Amino acid sequence: MYKEKGLLIVLSGPSGVGKGTVCKALREQKKEILYSVSATTRNPRPGEEHGVHYFFKSKEEFEQMIEKNELLEWAEYVGNYYGTPLGYVQNSINEGKDVILEIEVQGAMQVQKNFPEAIFIFLAPPSLSELRNRLTTRGTETEDIINHRIQVAKEEMDMMDSYDYVVENDSVLAACERIHAIVVAEHCKRSRIQKKYKQILTEVED
Ligand code: 5GP
């Protein structure tokens, strides 16, 4: 019996781009996309719950997870460990469910090595669309600030090279819609559909 696998969707991008906000909105709106809860060694913030926002771990516990190969990817970010528990992702995908990871860029690069069939979405900063306007609005910014902004924008944009899709975070709602559209389109990809039909046809012939 053919069982279609779920998609692994990796949402990543520069720090401060709004990955968390977009992912939270997507989680509320598109309940059929499962969210992978990460493990972290950072302290919980007010309102954050263990198992909902993160699995809060000690450094020792996290290092054990690394040793036992229980993480799909992990990274050290601003003095703390963050990582994706492998079991949940594997089980959900095998059950045909789509899973989204909201992770920083180093982790996304690891997923590319370990799970190249994942879909990589780069969330781009909203300020980019405004950058040109701001640059052409004479007198509002000093030359130093403009040069700095261009430099930051270039560095951020260089990161997108290894991603399949780019979604600009101009509004949370619009970004969610685009991500959902990508997921729908990925499910319609010929390579996926063809594999499914070939398999079904062999089952009918048997
Ligand atoms: P925060 O501490 O603000 O919740 O998250 C800090 C950064 O860690 C964010 O950029 C977030 O996307 C990233 N992050 C959260 N979970 C993971 C994870 O499992 N793996 C990696 N590599 N990054 C993560």
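The values are calculated or read from the model by the stated rules, or taken from the named source; none is laboratory data. This is a predicted model, so every value here is computed, not measured. Glycine gets a Cβ as well: all are built from the backbone with ideal geometry, and neighbour counts include every protein chain shown. For the accessible areas, the whole protein counts, side chains as well, though only heavy atoms, and no ligand, DNA or RNA atoms are used. Shrake-Rupley method; radii C 1.70, N 1.55, O 1.52, S 1.80 Å.
Just give me the residues in segment 188-206 being closer than 14 Å to residue 2 by Cα, charged (D, E, K, R) and open to solvent by less than 100 Å² (accessible area, probe 1.4 Å), in sequence order.
Within segment 188-206, 192, 196, 203 qualify.
So, in segment 12-31, how many residues would count as being within 13 Å of the ligand (Cβ to nearest atom), surrounded by fewer than 17 Cβ atoms within 10 Å (Cβ to Cβ) and in a helix (DSSP H, G or I)?
Qualifying residue count for the region: 3.
Where the second residue is of a type in the set (D, E, K, R) and the first is free of Cβ contacts under 8 Å to residues at least 40 places away in the same chain and lies in segment 106-122, which pairs have Cβ atoms under 9 Å and are six or more apart or on separate chains?
106/73; 106/76; 110/73; 113/73
Residue-by-condition table, conditions (1) under 17 Å from residue 104 (Cα atoms); (2) within 7 Å of the ligand (Cβ to nearest atom); (3) hydrophobic (A, V, I, L, M, F, W, C):
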{"site": "38", "(1), (2), (3)": "yes, yes, no"}
{"site": "43", "(1), (2), (3)": "no, no, no"}
{"site": "50", "(1), (2), (3)": "no, no, no"}
{"site": "63", "(1), (2), (3)": "no, no, no"}
{"site": "72", "(1), (2), (3)": "yes, no, yes"}
{"site": "75", "(1), (2), (3)": "yes, yes, yes"}
{"site": "83", "(1), (2), (3)": "yes, yes, no"}
{"site": "87", "(1), (2), (3)": "no, no, no"}
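So is residue 93 of a type outside the set (Asp, Glu), open to solvent by less than 30 Å² (accessible area, probe 1.4 Å) and within 10 Å of the ligand (Cβ to nearest atom) or not?
no
So, in segment 50-65, how many residues would count as being surrounded by fewer than 14 Cβ atoms within 10 Å (Cβ to Cβ) and either within 21 Å of the chain's Cα centre (by Cα) or in a strand (DSSP E or B) (or both)?
Within segment 50-65, residues that are surrounded by fewer than 14 Cβ atoms within 10 Å (Cβ to Cβ) and either within 21 Å of the chain's Cα centre (by Cα) or in a strand (DSSP E or B) (or both) number 3.
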